[in-house]
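What follows is one structure encoded as structure tokens, with my remarks underneath.
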Amino acid sequence: LGPRLDHQAVTWLLERHGSPAALRKAGRRRLLELIRPKAPRMAARLIDEVFDALDEQTVVVPGTGTLDIVMPSLAASLAAVHTQRRALEAQISTLLEAHPLSPVLTSMPGIGVRTAAVLLATVGDGTSFPTAAHLASYAGLAP
């Protein structure tokens, strides 16, 4: 499919209507009604993307009908991964906020929560480097 599989409304939709035939059978209007509570501002655009992708499908291969069985399960697994990822991001953000270097790191342009967490996990507090030049060399910024 062409639409964003990382959007929870799309994975939710695929859990219920997993094959191209099931999506077509449900129809544009019905799918729009189903998805609107999960994506109020994007519902119409997401459904348009679904039907654009369906319209581009020109070949139907044998076994396409099995998507009704496989896709809902895969979509549910993807939704679970997204839920776990959001929970981990919240935990990492909480841990980062408690770190004494957090205000310094996140005040730097281009350094957000994810980058700051990676920096801390990679280099720690920096005390293992004798000088700032050693850290710059380790980061590949200086010879």
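Laid out as a table, the results:
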read-out	value
Charge tally in the Cβ shell below 14 Å around R4, where Lys, Arg are +1 and Asp, Glu are -1, R4 excluded	-1
The chain: angle of helix 67-98 to the longest principal axis, Cα-based, in degrees nearest 10	20
Max mean-square fluctuation residue, GNM over the chain, Cα-Cα springs under 10 Å, options H99, H82, H17	H99
Packing rank of 133-142, 29-38, where each peptide gets the mean count of other beta carbons within 10 Å, highest leading	29-38, 133-142
Stretch gain in nm, segment A21-D52, where the contour uses 0.36 nm per residue and the Cα spacing is subtracted	9.8 nm
Likely footprinting exposure, V81, V50, fewest C-beta neighbours within 10 Å first	V81, V50
Which label in [x] 17.4, 65; [y] 17.4, 51; [z] 22.5, 66 gives the computed Rg and Dmax of the Cα atoms in Å	[z]
Of A116, V70, P143, farthest towards positive along the dipole that unit charges on Lys, Arg, Asp, Glu beta carbons give the chain	V70
Summed side-chain charge close to E97 - residues other than E97 whose Cβ falls under 14 Å, Lys, Arg +1, Asp, Glu -1	0
Estimated inter-spin distance, V60 and V113, nm [label 7 Å along Cα→Cβ]	4.5
Gain on full stretching of the segment that runs from A139 to A87 - 0.36 nm per residue minus C-alpha separation	15.8 nm
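Each reported figure results from applying straightforward, stated rules to the coordinates on display, with no laboratory input. Just so we're clear, the structure is a prediction, and the values are computed from it rather than from any experiment. Backbone-built Cβ (ideal geometry, glycine too); neighbour counts: all protein chains shown.
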